[in-house]
Amino acid sequence: MTAFSYRAKDKSGEIKSGTIDAASVVKAAEALHGAGLTVLDLAPEAKGGFNIDQYLSFLNHVSKKEIVIFSRQLATLINAKVPIIQAFEILLSQITNRALKNAIAEMMNDIEGGKSLSEAVAVFPHIFSDLYVNLVKSGELSGTLDQSLVYLANQQEKDYELTSKIRGAMTYPIFIVSAILIVGALMFVFVLPQMIGVLKEADVELPVTTKILIFVTDVLQNYWGLIFALTIGLGVGSQFYIRSSGGRIVWDHIKLKLPVFGKLFRNIYMNRFARNLSTLVEGGIPIVQALKTVAEIVGNMVYKQIILEAASEVETGKSIATVFVARPEIPAIVTQMVRVGEQTGTLHEILGKLADFYDKEVANTLGTLTTLLEPIIMMLLGLAVAVMVAGILLPIYNLASVQ
């Protein structure tokens with residue numbers, strides 16, 4: 001038997017907490033449910049009364065990969081006519097992520113209490129997106145829940161692959177730039193002060209480059225604490241501003257205007273729009289509801305406002321293309337293909353092809369970025385070396401030559 005600490009809500013809505021002994025987390029959840037409690041949190045109790053997980057809760061994030069695996073396994077079990085509660089019990093024994101385990105345990109209680117799977121899933125918006133909830137609901141209504149889950153897993157797998165490509169392409173440049181900054185900081189703090197000391201004692205006229213290096217070195221030595229505090233403050237302040245409604249809109253506008261990277265961001269957002277809207281339309285979700293759902297998950301406030309505006313226009317009987325054609329943020333190819341899809345009744349097929357097109361565009365843009373960044377980084381390294389030689393080594397060499 002294992003001791004599980006729990007936090008649960010009774011029928012009156014009062015929150016209760018305590019411990020319960022059970023053979024497994026599933027049995028613990030069943031016992032609590034039998035006592036009339038709705039489980040909010042359920043985890044093995046740490047020995048010695050100290051539960052490190054409460055201090056490392058951020059580690060319980062559920063990744064897209066875990067959701068993909070969960071969806072595929074659940075689809076397989078449902079297709080095999082396994083009852084949903086039994087399917088969840090099987091999955092609980094295989095899943096290692098604490099947050100997902102707790103979510104499944106609570107979903108089991110909700111389903112046993114009469115809720116549908118889509119209603120139970122909707123309780124966890126930080127794990128399951130609106131797209132996920134809507135497609136599960138559509139699958140329940142049409143009797144094709146297993147197909148909806150497989151389709152969801154396929155789409156999320158594509159999103160995961162796209163994210164992995166972006167991270168992989170950016171890892172090398174970020175590593176090199178970070179190394180340059182660290183080495184440069186160490187040079188200014190430990191190496192250059194000793195060399196500059198020799199030049200100051202010589203009492204000779206120094207080049208402009210040397211004077212700039214001396215100034216930067218003095219500032220870093222004398223005000224490093226203030227610079228560090230200002231850097232941290234600027235970073236934290238920027239994050240707070242970007243997370244505010246006004247700051248988010250400004251930042252999302254800036255991202256679209258960035259040279260080279262702006263094109264990459266636009267392609268990513270168009271890929272998300274096309275793929276997710278195609279998924280929802282094919283799943284039988286009404287177009288207005290589908291547009292509102294996609295607006296929440298596209299990831300950019302500029303495009304969110306455009307898509308919500310399109311949803312409002314569609315409610316009045318107009319087409320999506322009438323909104324898109326007036327917005328420069330929407331590429332002409334997207335507007336044209338959406339118009340064709342609306343006129344021919346094949347919107348989900350057109351959007352699927354559009355998503356595939358932007359998959360290739362993102363891959364091509366990433367390849368171009370990687371190719372461009374490598375020579376740019378080498379040029380920066382060469383420039384840094386040239387400044388060091390011109391500003392420090394040459395004056396020291398000339399001084400030694402004169403003596």
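The values are calculated or read from the model by the stated rules, or taken from the named source; none is laboratory data. Computed from a prediction, not measured in an experiment: that's the story for all the values here. Reconstructed Cβ throughout: ideal geometry from the backbone, glycine too, with neighbour counts over all protein chains shown. These accessible areas exclude ligands, DNA and RNA; they are computed on the full protein's heavy atoms, side chains included. Shrake-Rupley method; radii C 1.70, N 1.55, O 1.52, S 1.80 Å.
When 160, 241 are compared by accessible surface with a 1.4 Å probe, the order from highest to lowest is 241, 160. Structure note, pairs 292/360; 9/304; 65/115; 65/292; 158/304; 64/115: Cα-Cα distances above 32 angstrom occur for 9/304.
A simple charge model with +1 on the Cβ of Lys and Arg, -1 on the Cβ of Asp and Glu and nothing else charged puts the dipole of region 55-194 at about 420 debye relative to its Cα centre. For the chain, the longest piece that avoids every one of the trypsin sites (Lys or Arg not before Pro) found in DSSP loops with at most 10 other C-beta atoms within 10 Å covers 82-403.
Semi-axes of the equivalent ellipsoid for region 257-360, computed as √(5λ) from the eigenvalues of its C-alpha gyration tensor and ordered from largest down, come to 20, 15, 13 Å. About the centre of its Cα atoms, region 130-249 shows a dipole size close to 160 debye [charges on the beta carbon of Lys, Arg (+1) and Asp, Glu (-1) only; nearest 20 debye]. Given springs between every Cα pair under 10 Å in a Gaussian network model of the chain, which of 194, 94, 73 has the largest fluctuation? Of the options given, 194 has the highest mean-square fluctuation. Placing pseudo-labels 7 Å out from each Cα toward the beta carbon at residue 17 and residue 360 gives an inter-label distance of 5.5 nm. From its DSSP helices (H runs of at least four residues, each -39,500 (n - 2.57)), the chain gives a residue-normalised ellipticity at 222 nm of -24000 deg cm²/dmol. Cross-link partners of residue 211 among lysines, defined as those whose alpha carbon lies under 17 angstrom from its own and excluding same-chain residues fewer than eight positions apart: 200. Compared with the dominant principal axis of the Cα atoms in the chain, helix 192-202 is inclined by about 20°. Of the residues 210, 187, 5, the one whose Cα sits farthest toward the positive end of the charge dipole of the chain, with +1 on the Cβ of Lys and Arg and -1 on the Cβ of Asp and Glu, is 210.
Working from label points 7 Å from Cα in the Cα-to-Cβ sense, the residue 380 to residue 63 distance is 2.7 nm.
Principal-axis analysis of the Cα atoms of the chain puts helix 98-112 at an angle of about 20° to the longest axis. Under a 10 Å cutoff between Cα atoms, tell me which one of 278, 244, 71 has the largest fluctuation in the Gaussian network model of the chain. Sorting by GNM fluctuation, first place goes to 244. Within the shell of other residues whose beta carbon sits under 15 angstrom from the beta carbon of residue 332, the net charge comes to +2, with Lys and Arg scored +1 and Asp and Glu -1. Couplings 3J(HN,Hα) for region 116-126, derived from phi with the Karplus relation 6.51 cos²θ - 1.76 cosθ + 1.60 (θ = phi - 60°), are 7, 4, 5, 5, 5, 5, 5, 5, 10, x, 6 Hz, where x marks Gly and Pro.
Among 309, 296, 14, the largest mean-square fluctuation in a Gaussian network model of the chain, built with springs joining Cα atoms closer than 10 Å, belongs to 14.
Need one word for region 62-159: rounded, prolate or oblate. Basis is the Cα gyration tensor (sqrt eigenvalues a ≥ b ≥ c); a/c below 1.5 gives rounded, then a/b vs b/c decides. Here region 62-159 falls in the rounded category. Applied to region 343-353, the Karplus parametrisation 6.51 cos²θ - 1.76 cosθ + 1.60 on θ = phi - 60° returns per-residue 3J(HN,Hα) values of 6, 9, x, 10, 4, 5, 5, 4, 5, x, 5 Hz, with x for Gly and Pro. Counting only alpha carbon atoms, the long axis of helix 130-142 and the longest principal axis of the chain meet at about 20°.
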